[in-house]
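Here the structure is laid out as structure tokens; the discussion comes afterwards.
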Amino acid sequence: MSSPSAVSVADSAPIAAPPGFTDEQWDTFMRDGFLVIEDAISPEDVERYLALHDAFIQRLNRRDPGGFFNAENLVEKDPAFVELIDHPRHIGFAYDCYGELTKLQQSQLMIRPRGGWHNFWHPDGPRGLPYNVFSPHLPLQVKFGYWLTDLPEHKMGNFVCLPGSHHQEYQDFYDTHDSVPGEKILTCKAGTMTLMHNALWHRVEPNESDMVRKNFFLTYSPAWITNQDRWHSDPAWLDTLNREQRILMRSYDWAYDWAKPKADQFPLFLDRDTGADRDPDVYPDHVVLGRRKRLTYHEKRSL
Ligand SMILES: O=C(O)CCC(=O)C(=O)O
């Protein structure tokens, strides 16, 4: 668990949403269900994250120290990872999808060493009644990959996906490790960031190399989708976070707050272009901020 500081961070004024998708990136993401952004993480940050990643692993008393490892709710487990909740290199992309109800749904740290467990083809999200039934176009989860080690070749525990497969509910290769025509085996340099649509079919290559694959995954969703890695966050830990981080963790006492957060949760961000906390001319003035719908980036694009 975390070691929360006793310091409570006072709320600062709302800030403008950091940059997100370019129109071209959005088109690629929606077409392929996947987006690769090279050099998104500076070499200094890659080095810093790797040191934190290694230190985190070393502190654990792992039963299988040579095997696959996945830590969940990473951001609450070590104060060093708190910055990942709302880091400006990716949070604007999540905000473009989920706007004022954006939530960090899962944060993970992974290692994939030689011979470690690696998963079968699958999409993410619910199986029996997938998100696609209700949301055949827009993702209800977006998973950001922070790649901290070079993956120059195949068979290094690479992430593999079938671009464009996020509209196909049934695949014969489900729950197999089969190689399929059209698959993309991610090779990339450390410092690459990827975005994945939840419904994209993906699997993991075996690692037959001596390089240990190290990465973070951060998954965002609307607040009203169930969390993947926690029930609630520790209130003392929440008190150490900045305003945006605290909102993004979406830790509420009242169940319906995940659908209708209380007034103090708005705005999450101001409009990045206008600085406004609300959309103009859509409601009469008496409608208060927390009860207003605000357009997301993709809605504005299709106006
Ligand atoms: O580790 C990976 O590359 C992918 C993991 C995965 O399949 C998932 O997060 O759903």
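Put the Cα centre of the range 150-202 next to the Cα centre of the range 111-125 and the gap is 11 Å.
Express the carbon and sulfur contribution to the solvent-accessible surface of the chain as a percent, rounded to the nearest whole number, probe 1.4 angstrom. Answer for the chain is 55 percent, counting heavy atoms of protein chains only.
Partners of LYS262 within straight-line reach, counting lysines whose Cα lies under 26 Å from its Cα and excluding those fewer than 8 residues away in the same chain: LYS103, LYS293, LYS300. Evaluated at q = 0.13, 0.15 Å⁻¹, a Debye calculation over the C-alpha positions of the chain (equal weights, vacuum) places log10 I(q)/I(0) at -0.97, -1.29. For LYS103, the amide hydrogen comes within under 5 Å of the amide hydrogens of SER221, ALA223, counting only partners 5 or more places away or on other chains and with H modelled in the peptide plane. From its DSSP helices (H runs of at least four residues, each -39,500 (n - 2.57)), the chain gives a residue-normalised ellipticity at 222 nm of -5000 deg cm²/dmol.
Between the alpha-carbon centres of the range 205-262 and the range 276-294 there is a gap of 27 Å.
Per residue, the chain exposes 49 Å² of solvent-accessible protein surface, assessed with a 1.4 angstrom probe and all protein chains in place. How far is helix 23-32 tilted, in degrees, relative to the longest principal axis of the Cα atoms in the chain, given as a value from 0 to 90 rounded to the nearest 10? Result, in degrees: 50.
Calculate the dipole size of the chain relative to its Cα centre from +1 charges on Lys and Arg beta carbons and -1 charges on Asp and Glu beta carbons; express the result in debye to the nearest 20.
I would put it at about 540 debye.
For the chain, the longest principal axis of the C-alpha atoms and the axis of helix 43-59 are separated by about 70°.
The values are calculated or read from the model by the stated rules, or taken from the named source; none is laboratory data. In this text the structure is predicted, and so the values were computed from the model without any measurement. Ideal geometry is used to build each Cβ from the backbone, glycine not excepted, and the neighbour counts take in all protein chains shown. Remember, those area values only see protein heavy atoms, side chains included, never the ligands or the DNA or RNA. Shrake-Rupley method; radii C 1.70, N 1.55, O 1.52, S 1.80 Å.
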